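Engineer: What follows is a structure written as structure tokens; I'll ask about it next.
The values are calculated or read from the model by the stated rules, or taken from the named source; none is laboratory data. Predicted model only: the values in this text are computed from it and were never measured. Neighbour counts are summed over all protein chains in view; Cβ atoms, including those assigned to glycine, are modelled from backbone coordinates with ideal geometry.
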Amino acid sequence: MPRLDVGDLAPDFTLPTHDGGSLTLSAMRGDHVVLFFFPAAMTPGCTTEACDFNSSLDALQGAGYRVVGISPDPVPKLAEFVESAGLTYPLASDLDRAVLTEYGAYGEKKLYGKTVTGVIRSTIVVAPDGTVELARYNIKATGHVAKLRRDLGLD
């Protein structure tokens, strides 16, 4: 499964969002964009990660970073997740997992000692010119956002 590396051109995409709109990566050129790929809305690990991003949103936005969460959940489930967790950034639905696959965030992974196919929790930071600034795969939900902030020099 191909993964993105620093300097690669981030694949463009347009996905539906939790609020009934859509989000296109190329429309955000000129900004740093943090894309985090998560397996399932309203599960404990994904809720922790999403809420950690929400808690760090002011610091990230203050440094010029936009945050977008992407999962294979349908739009109504993402809308429920945003409402229940009080999230204040967009969540996008990748039902067919095409964007997840293109970004190397979908494929074989280990889960409780078994090899399964699914979403690989990942974060890709896209630079203002559309290239990959940072790529992290197989990350842990807990503590990831704090480490990302350190990696980006925000702490």
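Engineer: Need a quick list: strands (runs of 3 or more DSSP E) entirely within region 1-101 having at least 1 residues that are exposed (fewer than 14 other Cβ atoms within 10 Å of the Cβ), hydroxyl-bearing (Ser, Thr, Tyr) and free of Cβ contacts under 8 Å to residues at least 24 places away in the same chain.
Structural biologist: 14-16, 22-24
Engineer: Evaluate the following for residue 43: is it at pLDDT below 95, more than 16 Å from residue 148 (Cβ to Cβ) and out of contact with any strand residue (DSSP E or B) (no Cβ under 7 Å at 6 or more places or on another chain)?
Structural biologist: Yes, satisfied.
Engineer: Here is a follow-up. Just a yes or no: is a residue in region 108-122 within 15 Å of residue 33 (Cα to Cα) and crowded, with 18+ Cβ neighbours inside 10 Å?
Structural biologist: yes
Engineer: Anything in region 107-125 that is touching a residue at least 24 places away in the same chain (Cβ under 8 Å) and either farther than 25 Å from residue 52 by Cα or assigned to a strand (DSSP E or B) (or both)? List them, or say none.
Structural biologist: 107, 108, 109, 118, 119, 122, 123, 124, 125
Engineer: Shifting gears a bit: Does residue 123 qualify as being polar (S, T, N, Q) and over 19 Å from residue 41 (Cα atoms)?
Structural biologist: Spelling it out, it is not the case that residue 123 is polar (S, T, N, Q) and over 19 Å from residue 41 (Cα atoms).
Engineer: Which of the residues belonging to region 25-47 are among the polar types (S, T, N, Q) and under 14 Å from the mean Cα position of the chain (by Cα)?
Structural biologist: Listed by number, the list holds a single entry, 47.
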